[in-house]
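The structure under discussion appears below in the form of structure tokens.
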Amino acid sequence: LDHPELFGDLGETRVISEKSINEFHVIADLLIFSKNKGVIGIEIKTEHDSTQRLNKQLRAYESLCTEVWVFTHDSLYESVSKVLERNNHPSVGIYTYSSYKGEIFFGKMKQSSISKSFNVSHLLNIFWYTEISRIAHTVSKSRANPQGSEFNVRRGTSKKQLIQYIKGRLGALGAYQIVVDM
């Protein structure tokens, strides 16, 4: 976020680090929720890391982020590029970095594009039940609810049901937008 040259104008942002993506059994290094750009996922590979799990990690990011980047140390660039190519990750961008005298330098090696495997249900599913419940209540009070009646979360209402309600009321794009806005 201190380097606007990396992503451009993000607008208001929230950053979540080390977020579990339970459906895929991986942990996201960084998720940036940006008012202007949506959800950006960043996987960081230092010079001490391996690319062994990278394919699995990227599948998870691509399912819930509209933009995905790998920030990798220069020494792993070739390995990361091979994983992307071999496993069909054409939308994932790559930044390399190196340090010199305590200063970090970045270089964009491959531009990211919008992920074709993005699914708003996966994005909603990373949130806690109480957060999804709050979003459902917000949706029920909005103009998106033509009946004007509030959604009543009853004991036993599952997280999956709440996600279906949100998507049913707002559609995929609207559900995505409310997550980014909130």
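Side notes on the structure shown:
- Meets criteria (at pLDDT 95 or above, out of contact with any Leu (no Cβ under 8 Å at 6 or more places or on another chain), within 21 Å of LYS56 (Cβ to Cβ) and open to solvent by 60 Å² or more (accessible area, probe 1.4 Å)) for LYS116: no
- Strands (runs of 3 or more DSSP E) contained in the stretch 1-65 and holding at least 2 residues open to solvent by 50 Å² or more (accessible area, probe 1.4 Å), aliphatic (A, V, I, L, M) and touching a His at 6+ places or on another chain (Cβ under 9 Å): none
- Search result, residues across the stretch 66-116 that are part of a strand (DSSP E or B), free of Cβ contacts under 8 Å to residues at least 12 places away in the same chain and not polar (S, T, N, Q): TYR100, GLU103, ILE104, PHE105
The values are calculated or read from the model by the stated rules, or taken from the named source; none is laboratory data. Please read these numbers as outputs of a predicted model, since none were measured by experiment. Because the Cβ atoms are built from the backbone with ideal geometry, glycine has one as well, and the counts that use them run over all protein chains shown. For the accessible areas, the whole protein counts, side chains as well, though only heavy atoms, and no ligand, DNA or RNA atoms are used. Shrake-Rupley method; radii C 1.70, N 1.55, O 1.52, S 1.80 Å.
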